[in-house]
Every structure is written in structure tokens, then in C-alpha cells.
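Beneath this line is the structure, given in C-alpha cells, with notes to follow.
The values are calculated or read from the model by the stated rules, or taken from the named source; none is laboratory data. The structure displayed is predicted, hence computed values, not measured ones. Counting neighbours? That spans all protein chains shown, and the Cβs are built from the backbone with ideal geometry, glycine included. These area figures cover heavy atoms from the full protein model, side chains too; ligands, DNA and RNA do not enter into them. Shrake-Rupley method; radii C 1.70, N 1.55, O 1.52, S 1.80 Å.
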Amino acid sequence: MALFMTLTPAVAAEEEGGGVDLQAILWGHVKDSYEWHITDIGETPLVIHLPVIVHGSTGWHVFMSNEIEEEPIESGKLKGYKEAGKGTGLYIAPAGSLYENRIVEVAADGTETRPFDISITKSVVVLFIDAILLLLCVLIPARWCRRHKADDPAPKGFVGFMNMFITYVYDDIIEPALGKEAPKYAPYLLTCFFFIFIANVMGIMPFPPGGGNLTGNITITFFLAVCTLLVTNFSGTKHYWKDIFWPEVPWWLKAPVPLMPVIEVFGIFTKPLALMVRLFANMLAGHAIAIALTCIIFIMASMGAFACGAMTVFSVMLSIFMMLLEVLVCFIQAMVFTMLSAVFISMARIHPHEAAE
């Protein structure tokens, strides 16, 4: 419902201009922004304005996003730009620009340069919210465990649910892959699982504090993949590195042309790359499908009342089904990321006697 309320004014404006620009509506909702647009009440937008913090050629500038002009400039080299912060010399780059919808400095010749930008954007706010929820999911059960003995009755409610959830992830995902070394890497892997799961679930909520497309932002999945890359390779044994730089294959595959070592080194980076792309693509696709199904209603509106009414019922029913399916995808993607991370770490922890077996 909230998604419908949010899209209605945007789609109506597109229809007045001749047709619905589905691509513009889609990217406008899944991309990061300097403000958090919740919905429109009549013609009044309900927006959470966020702090903008940038450092450019004229020093530091701190202002709220409501100081960014809504109407683009229509003259000179700045045509199409919007002023960001009065008197700062900063602008919002227009569509089609190299830094589209980001804050830039524009030189006299019209070239754009990006200032150092540490603004509290929508994705950053969502990241803080998800991190707080993750801490609550960890600290509340941990507090219960510190106050009770192992032979006490099992906890109930939220603590009991989290105890069951954590036990499942550890026993069925982490321990089968890592064996006796599971306790050493369980904190990292459990953190990955619950952070991704919380971010995924919060992303499909149609109202704040949910609605942020965090795991559909490739910078977030890139950071998670880099963490797995570092943990995996810093945990690598001597035998692991030997298998990379001097694998047990025919000598002509290693010298004089180091074909297999090059392939193995390349594989170090392709494994976390697969983690990054898989999580990003699946979660972005879920948001894209939800918005596309809603936009179908407005696209069919021009074909008559009967077609619009029939397609509205079909779109709403299909949207409900896809949202339920997306909840399952939220869990599956968290599980796959954690499971593959555990497998990659176990491959790096191999010892000579294990390799011989």
C-alpha cells in the first residue's frame, strides 16, 4: 500500500508528460539518495531530510538536504543542474551526467568533479537501523545466556526464537563446512547471516524504518565480499598457498608458462565476486519486480476501466505472492552467502593430511 501511495504521484506526473517512464521510476526508488521520500499526502511530499557533509575546493560544507533546490537551473553551463546548499558552489548533477544525482563541483569549462562526500544518505541511515537491530538480536539472547545455566529450562519468546535460529545456522550451515574449526569462525559467519537476513527483510517492508534497498546496493555487497576475501586468505594455511602458486598438476602447466598458478590466483577474487553479484542481483531484482507490478496498473489505465480493473486485481494478487516469495528469498540469500563463505574458509584451512585423504 505504501509503495502504491509513493508511486501514484510520480506515475501521474509521467502520464501527463506522455507515457509512464518505468525505468526512471524504478531507478528512482532503488538508488541511494540524500533524502528519504516516504510518500505524498495530496500534493505534499512526506520526506525525511538528511544531513549532507562534503569537502570541496572551498572547504567543508554541512547542510540539510532540504537546501537542495528542486527546480533545475535553465541557463549557461549549469543548465540541468540543481543548486546544493546556498552559496556553497555545489550542485546536483543532472540525469545523463557522469555523476548523476550526486553532488559535484562544476568548473568554468563545465567539467564535473566529485568532492569528498561523507553524507548521511538513505542507505547510511538504513545501515545504522539494521546494525542496531542486529545488536539487539545478539545482545538480548546473550544477556539471557549469561544469567542462566546450561541445564535451565529453554527460553521462550524472542530469546527462544533467536536461540533456535542461531543453533540452526551453526549446526546446519557453519559446522558441516568447518568441522572442529567452526567455533573459531562462527562469530563472523553468524554476523554475516543475521546482518544480511535483517537487511533483506527490512528492505521489503513498505514503510519506514524499512524500505531501504541496502543489499540491493552493490557497495554493501562488495564490502561483505571483501570481508570474506580477507578472512579466507588471512586464514589460509601453507598448503593452501602452495596449491595456489605450485599446484600438484603436470609441470608443463606450471612452467615455463605459469598457467595454473594464474588461474588459481584469479580464482581467489572470482569466489567473493560471485558472492557480491549473487546477493546484489537477487535483492535488486526483488525490488524491481515489486515496482514493475505496481506500475502495470497505471500503464493499463489508458486501455479502459475494465482492463485497468482486471489488471489491478491481477497485479495486487501477484504482488502479494511475490512479496511472500521474497521473504523466502531473503532467508535463502543470507543462507547461501554464509554457507559459501564457510566453504571458502574451509578450503583455505586445508592441511597436507586432509589433502591426501
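With runs of 4+ DSSP H residues as the only contributors, calculate the mean residue ellipticity of the chain at 222 nm using -39,500 (n - 2.57) per run, divided by the residue total and rounded to the nearest 500.
Taken over the chain, the calculation gives -19500 deg cm²/dmol.
Counting 0.36 nm for each residue step from TYR99 to ASP172 and taking away their Cα separation leaves a gain of 21.9 nm. Against the chain, whose longest principal axis comes from its Cα atoms, helix 259-300 is set at around 40 degrees. log10 I(q)/I(0), Debye, Cα-only region 184-251, no solvent, q = 0.19, 0.25 Å⁻¹? The calculated log intensity ratios at q = 0.19, 0.25 Å⁻¹ are -0.82, -1.07. Checking (i) 41; (ii) 36; (iii) 56 against percent of Cα pairs over 29 Å apart calculated from these atoms, the matching label is (iii). Taking a label point 7 Å from the Cα of GLU69 along the Cα→Cβ vector, which residues of region 106-121 have an amide N closer than 16 Å to it? Counting backbone N atoms under 16 Å from the label point, the list is 106-107.
Solvent-accessible surface of region 153-234, taken per residue with a 1.4 Å probe and all protein chains present: 47 Å².
Each residue of region 115-127 was assigned a 3J(HN,Hα) from its phi angle through the Karplus expression (A = 6.51, B = -1.76, C = 1.60, θ = phi - 60°), giving x, 5, 10, 10, 5, 8, 7, 4, 5, 5, 4, 4, 4 Hz with x at Gly and Pro. Each Lys or Arg adds one and each Asp or Glu takes one away; over the other residues whose Cβ falls under 14 Å from the Cβ of LEU139, this sums to +3. Distance from the Cα centroid of region 63-118 to that of region 35-62 is 14 Å (rounded to whole angstrom). With θ taken as phi - 60° and the Karplus curve 6.51 cos²θ - 1.76 cosθ + 1.60 applied, the whole-hertz 3J(HN,Hα) list for region 83-94 is 6, 10, x, 5, x, 8, x, 10, 9, 9, 5, x Hz, x standing for glycine and proline.
Add +1 for every Lys or Arg and -1 for every Asp or Glu among the other residues with Cβ under 12 Å from the Cβ of ILE218, and state the total. Each step should come with its number before you reach the end.
Details: positive: LYS31, ARG278; negative: ASP32.
The answer is +1.
Once you reduce region 145-182 and region 208-275 to the center of their Cα atoms, the two points are 30 Å from each other. For the listed residue pairs LYS122/LYS184; LYS122/LYS149; LYS149/LYS271; LYS149/LYS184; LYS31/LYS156; LYS180/LYS254, the alpha carbons are over 31 angstrom apart in LYS122/LYS184; LYS122/LYS149; LYS149/LYS271; LYS31/LYS156; LYS180/LYS254. In this structure, the amide hydrogen of ILE68, modeled 1.01 Å from its nitrogen in the peptide plane, lies closer than 5 angstrom to those of GLY85, counting only residues at least 5 positions away or on a different chain.
Rounding to the nearest 10 and keeping the result within 0 to 90°, find how far the Cα-based axis of helix 218-234 lies from the longest principal axis of the chain. The answer is roughly 10 degrees. Tell me whether region 179-296 comes out rounded, prolate or oblate; compute the Cα gyration tensor, take square roots of the eigenvalues as a ≥ b ≥ c, and use a/c under 1.5 as the rounded threshold. It is oblate, given that a/c is not under 1.5 and a/b is not larger than b/c.
Taking K and R as +1 and D and E as -1, what net charge do the other residues with C-beta under 13 Å from the C-beta of MET205 add up to? Net charge around MET205: -2.
Show the residues, 5+ positions off or on another chain, whose built amide H is closer than 5 Å to the amide H of LEU46. Those lying under 5 Å, H to H, from LEU46 are ILE38, THR39, ASP40, ILE41.
Pull out a ≥ b ≥ c, the square roots of the eigenvalues of the alpha-carbon gyration tensor of region 51-131, then state rounded if a/c is under 1.5, prolate if not and a/b is larger than b/c, and oblate in the remaining case. Since a/c reaches 1.5 and a/b is larger than b/c, the shape of region 51-131 is classed as prolate.
As a test of reading the structure, rank LEU50, LEU318, LEU230 by solvent-accessible area (1.4 Å probe, protein chains only), most first. Don't jump to the answer; show the numbers that get you there.
Values: LEU50 10, LEU318 55, LEU230 85 Å².
Ranked from most to least accessible, the order is LEU230, LEU318, LEU50.
Only protein atoms count toward the accessible area here, which uses a 1.4 Å probe; on the chain, the carbon and sulfur part of that area reaches 70 percent. The trypsin sites (Lys or Arg not before Pro) of region 115-184 that DSSP puts in a loop, and whose beta carbon has at most 14 other beta carbons within 10 Å, are LYS149, LYS156.
Put simply, when 236-245, 320-329 are sorted by average Cβ atoms within 10 angstrom per residue, most first, you get 236-245, 320-329.
With respect to the chain, whose longest principal axis is taken over its alpha-carbon atoms, helix 2-16 is tilted by about 50°.
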